[in-house]
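Here's the structure, in structure tokens; my notes come after.
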Amino acid sequence: MTPKPPAARPNGYTYSDAGVDINAGNALVDAIKPIARSTARPGADAALGGFGGLFDLKALNYRDPLLVAANDGVGTKLKIAIESGRHETIGIDLVAMCVNDLVVQGAEPIFFLDYFATGRLEPQAARTVIAGIGEGCRQAGAALIGGETAEMPGMYAPGDYDLAGFAVGVVERDAVLPRADISEGDVILGLASSGAHSNGYSLIRRLVADHGLDYANPAPFAPELTLAEALLAPTRIYVKSILTALRASSAIKALAHITGGGLTENVPRVLPEGAAAVFDLSAMDVPPLFRWLADIGSIAPDEMLRTFNCGIGMVIVTAADRVPDLMSELHAAGERVFQLGRIEAQGSGSRVRYDGRLRLGG
């Protein structure tokens, strides 16, 4: 049967007939220009509107610079923001997941670009998300120099959107981390996380659904907050405190951003061949969120350690004699710091080993 042709349209089709509102997109760009300008820094005025963002690397006065690039998203944590209607902090997560990956190589984040895609643009929600991106950029000292807002009818369910971020940093060639002098006897420090950051949320959402929990109700592990507020706590951005420590001394030999895979999968990425990280689990202060997840999901400690950060968002390797001064510097910069373990020879064992017991309660 031959399809019936569409009814004639007196003035022809427009893009808005297909679900794309160009005027709303232009209005959003105008609305976020002040957000971008608030992230201006040496090398970039953070103005929007061109086909590409410019950055003047010469303005930073690096001697022998290398550029470091990273891109990431925030995974299914987005679904909690969408379902709860709380979009204020998810942009901070987006920036954090990128810039924390830059600083572990010793790099100073200098600019950021975002990608926001949706089926139908809801300007207020989009502006709220991008305001969070601006806040993340300010925390990281990076300029928001551009991005893309894509309205794609039919690609996303009503109200859904997706985010991706791209960041560039700069580091002196002779200051790139990890260093080659990591050796047996070095000490492992950990910086406290602000929650689950942006990893493990597919499991978190599964547990919430299976237990019939409502994001609007009080969080069982933090009753002063709704469950949505507690689970959407933004990823901590460690950039300024770590850069301060890096510039103060040569104490830091390596850094590892603890994302998907937890300590188990991320720490080996910065260790030399033949080295192993040995953690004292009893030295970790496991936050109530993770104890609750382990309880309601009957999750084994090994699974917790390779799925979640379990309270440690960044790991640092340093020489034993540098520990007191480095811990003092990091405390002064606002970090909670834990002495978690040591570097040993790997031998025939695994790259990451655990002593003691993870304090999950129960």
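The values are calculated or read from the model by the stated rules, or taken from the named source; none is laboratory data. In this text the structure is predicted, and so the values were computed from the model without any measurement. With ideal geometry, Cβ positions are generated from the backbone for all residues, glycine too; neighbour counts draw on all protein chains shown. The protein model used for the area step is the full one, side chains on, heavy atoms only, and it has no ligands, DNA or RNA in it. Shrake-Rupley method; radii C 1.70, N 1.55, O 1.52, S 1.80 Å.
Below, the figures for the structure above:
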quantity	calculated
Portion, in percent, of the accessible area of the stretch 227-362 that falls on carbon or sulfur, probe 1.4 Å	47 percent
Theoretical FRET efficiency, 1/(1+(r/R0)^6), r = Cβ-Cβ of Ser298 and Ser202, R0 22 Å, to 0.05	0.80
Estimated [θ] at 222 nm from DSSP helical runs (n ≥ 4, -39500 (n - 2.57)) normalised by residues in the chain, nearest 500	-9000 deg cm²/dmol
Whole-number accessible area per residue in Å² for the stretch 1-128, which is evaluated in the context of all protein chains at 1.4 Å	56 Å²
Range of Cα positions in the stretch 189-233 per principal axis (Å), largest first	38, 24, 13
For Leu340, distant residues with modelled amide H under 5 Å away	Ile188, Leu189, Gly190
Chain lengthening between Gln124 and Asp56 when straightened (0.36 nm per residue, less Cα-Cα)	21.2 nm
The stretch 147-215 shape via C-alpha gyration tensor axes, a/c threshold 1.5	oblate
Packing-based ranking, highest mean first, of 303-313, 225-235 given that Cβ atoms within 10 Å are counted	303-313, 225-235
Dipole magnitude (debye, nearest 20) for the chain, charges at Cβ of Lys, Arg, Asp, Glu	220 debye
Normalised contact order of the chain, rounded percent, pairs of Cα under 8 Å and 6 or more residues apart	20 percent
Solvent-accessible area, 1.4 Å probe, carbon plus sulfur percent, for the stretch 19-167	53 percent
Relative contact order (%) - the stretch 1-152, alpha-carbon pairs under 8 angstrom, separation at least six	33 percent
Hits among lysines - C-alpha to C-alpha of Lys240 under 19 Å, sequence gap 8 or more where chains match	Lys253
Between the stretch 175-208 and the stretch 61-85, the alpha-carbon center distance in angstrom	16 Å
Efficiency of FRET between Ala69 and Ser328 - r from beta-carbon atoms, R0 41 angstrom, step 0.05	0.80
Helical segments meeting 18 Å axial Cα length and Kyte-Doolittle -0.5 threshold in the chain (DSSP H)	22-37, 90-103, 123-140
Rounded, prolate or oblate (a/c below 1.5 giving rounded, otherwise prolate when a/b exceeds b/c) for the stretch 49-162 by Cα gyration tensor	prolate
Listed residues Phe51, Phe279 arranged by accessible area, highest first, probe 1.4 Å	Phe51, Phe279
Probe 1.4 Å, protein heavy atoms only - accessible area per residue of the stretch 249-362 in square angstrom	41 Å²
Fluctuation leader among Asp64, Asp321, Asp17 - the chain, Gaussian network, Cα springs under 10 angstrom	Asp17
Estimated FRET transfer efficiency (Thr244, Asn11; beta-carbon r; R0 56 Å; 0.05)	0.40
Whether the stretch 129-265 is rounded, prolate or oblate, judged on the alpha carbon gyration tensor where a/c under 1.5 counts as rounded	oblate
Length released on extending from Asn23 to Ala216, taking residue separation times 0.36 nm less the Cα-Cα span	66.1 nm
Label point 7 Å beyond Cα of Glu148 along Cβ direction - residues of the stretch 94-122 with amide nitrogen under 14 Å	113-118
